[in-house]
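Pasting a structure below so you can have a look.
The numbers here are math on the coordinates, done by the rules we state, and not lab data. The model shown is predicted, which means the values in this text are computed figures rather than measured ones. All Cβ positions, glycine included, derive from the backbone under ideal geometry; neighbour counts span all protein chains shown.
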Amino acid sequence: MKRSALIALLVVIVILLGLFIIGGFIYLQFNQEPYIPDNAYLKIDLSGPLADTAPKHFPAFSSTAISIQDLWYQLARAAVDTRIKGVLLRISYMETGLAKIEEIGHLLKEFSRSKKPVLAFIVAGGLKEYYLASFADKIFMFKGGMLSISGIGAEAVFLKNTLSKLGVQAEIFHIGDYKTASNTFSEDHMTPAHRESMQSLIDDLYRAVIAGIAANRKLDAGEVKKIIDRSPLGQEEYIKAKLIDRLGYEDELHGLSKASYPEVNFKTYAKTSSPKPFSGVKKIAVIFAAGEINMGRSGGQSLLGGEVLGADTLAGQLRQARNNYAVKAVVLRVDSPGGSAVASDIILREAELLAKKKPLVISMSDMAASGGYWISMSAQKILAWPETITGSIGIISGKFVLKGLYDKLGITKEIVKTTEFAGMYSDYKPFSQREKEKVLADMQVIYNEFLRKVAGNRKLAVAEVDQIARGRVWSGQAALDLRLVDGLGGLNEALTEARKLAHIPLAEKVGVRIYPQKKSFWDMLFELADVQAQNPLDVQARLQVYKRFFPALAMPFTINCF
């Protein structure tokens, strides 16, 4: 071998060896488990957005993203981990619904059954933040912080006048006086039915929170209501009312709790792999279904800003669970305001096929309304929290007429068609009377099918369902009273129900298979490239959906805890 060739070979070997060493070092850095000291408190920083699962798009890799899925699994681990002595919550303003607050609270109560304390430190917040803290054994408040627990309010946005100024006309119809999603675009104020439904809902939520605080703090509910009705108050008044145990600063927590302990960050703890709380040959699948229901794959954001729950993705996960011999039952966790009627029915079909083969239990999160309720109609059991927003059994459909906007921009269109109704969804003209009648007739067919499905699943007469449907939203407690759900509870209660239905003894260990599975950094990086490559067409397709409202099962509004 020539000397130059030998030198080249040696250089290649050295480079490959170097790459192997560097790669091994990187692998160890990413896969080496962090050290967890003995008698450590698991510190969980809860502030900002909190979803059932981490967002499906690439920014979810942010270290601040904690989800219900994370908390459920890691708290179950920490409860049996001898290195973990307790939990320390650091709470500030959170962006989430009250049912998720209830879920976390009960997960903390379950953790406490392992004889490990839970301490809460409130930096600042309102009713939601305080309600979460009330599930802890002790509540400490930042001495310079602000706590305003003055109640619950609901806001509805109306865009009719804005659209009019832009030359846009909303021709959107609804079945059910309480089906108010279209009011956002077609009204400039609340209708009587809209106001009645919203007031009833927030009153239910308020009662549930007051009852929860009273139970957690061992106080009289009437006295708690009096305090909250007078809030915001000074910190000393909250202490006097026994809503807070102590005031102080974060660096004084060791002294405040009369304990000295090391702390381990939640994200750090999540990188460890043992102990495993769920193990066994028999499995229960837990499928998280969060977002606005649309056709296609999950991922990305809808034009209204929420996560997209893709029918193809969720139907595929249900199919996998159905065909997996080791999976003996399924918990479907629903957190959705609804969306496309067609996409919802695709999901329901797969859920029905699954339910014929093995038990299916629904666990409702903050919202399982309209399409979110539709996809729940094949389950043997439906559980919700008192603060869950559910129901909204109704239909909306229609389109936006953009001719006025096109005129302002100097755009003209001409329509050529083969049949009377071929151009009915054109955004260049309003519906004719016959076209409107056809749209309403199609909507009525879907509404009747919705009523039939609910009646069959809930063992009610169709006429009974119609009386409580009509697009109205209900709290989880009201839904239980109306027999729209079977019981109150969250993920752990749903797992217990699934175990019972699958005839798995409580003494027998059972494993859990979670969908969707966590993505690695590299998975998310490659997925980002894929999303970017498809994004222009994806956005265009979704824009067409919002220009033309196919029969939809949707219900958007905002509830605030002031």
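Report the local net charge at Asp220: Lys and Arg +1, Asp and Glu -1, summed over other residues whose C-beta lies under 13 Å from its C-beta.
The answer is +4.
Report the local net charge at His503: Lys and Arg +1, Asp and Glu -1, summed over other residues whose C-beta lies under 13 Å from its C-beta.
The answer is +3.
Still on this model: Can you flag which of Lys43/Lys500; Lys116/Lys283; Lys43/Lys276; Lys218/Lys328; Lys138/Lys267; Lys109/Lys242 are past 31 Å Cα-Cα?
Check vs 31 Å cut-off fails for Lys43/Lys500; Lys218/Lys328.
Tell me the net charge near Ala79. Cut-off is 9 Å between Cβ atoms, Ala79 excluded, with +1 for each Lys or Arg and -1 for each Asp or Glu.
Spelling it out: positives minus negatives among the neighbours equals +1.
Would you mind ranking Ser475, Ser148 so that the residue whose beta carbon has the fewest other beta carbons within 10 Å leads the list?
In order of increasing Cβ crowding within 10 Å: Ser148, Ser475.
Same structure, new question: Can you run phi through the Karplus equation (6.51, -1.76, 1.60; θ = phi - 60°) for the range 441-447 and list ³J(HN,Hα) in whole Hz, with x for Gly and Pro?
5, 5, 5, 5, 4, 5, 4
A follow-up question, please. Just to check I understand the Karplus step: with θ = phi - 60° and J = 6.51 cos²θ - 1.76 cosθ + 1.60, what whole-Hz values come out for the range 469-477, glycine and proline as x?
8, 6, x, 7, 8, 10, 6, x, 5
Would you please classify the overall shape of the range 342-447 from the alpha carbon gyration tensor, given that a ≥ b ≥ c denote the square roots of the eigenvalues, rounded means a/c under 1.5, and beyond that prolate means a/b larger than b/c while oblate covers the rest?
Note, shape of the range 342-447 comes out prolate.
Given H placed 1.01 Å from N in the peptide plane, which residues other than close sequence neighbours of Gly145 have an amide H under 5 Å from its amide H?
Correct list: empty.
Return the long-range amide H neighbours of Glu263 (sequence gap of 5 or more, or a different chain), with a cut-off of under 5 Å between placed amide H atoms.
Placed amide hydrogens put Tyr41 under 5 Å from Glu263.
In the range 221-352, with Lys and Arg counted as +1 and Asp and Glu as -1 at Cβ, which of these residues, Tyr325, Ser273, Gly234, has the Cα nearest the positive end of the dipole, that is, farthest along it?
Tyr325
Moving on. Please list 349-355, 455-461 highest first by mean number of surrounding beta-carbon atoms within 10 Å per residue.
Answer by packing, highest mean first, reads 349-355, 455-461.
Let me ask something additional. Mind sorting Arg207, Arg499, Arg113 by how few other Cβ atoms lie within 10 Å of their own Cβ, fewest first?
Final ranking by Cβ density, sparse to dense: Arg113, Arg207, Arg499.
Quick query: amide H of Val512 versus all other amide H atoms, modeled in the peptide plane; which residues come in under 5 Å with a sequence gap of 5 or more or a different chain?
Ile284
Using the Karplus curve 6.51 cos²θ - 1.76 cosθ + 1.60 with θ = phi - 60°, work out ³J(HN,Hα) for each residue of the range 186-192 in order, rounded to whole Hz, and write x for Gly and Pro.
Values per residue, Gly and Pro as x: 10, 10, 10, 6, 6, 6, x Hz.
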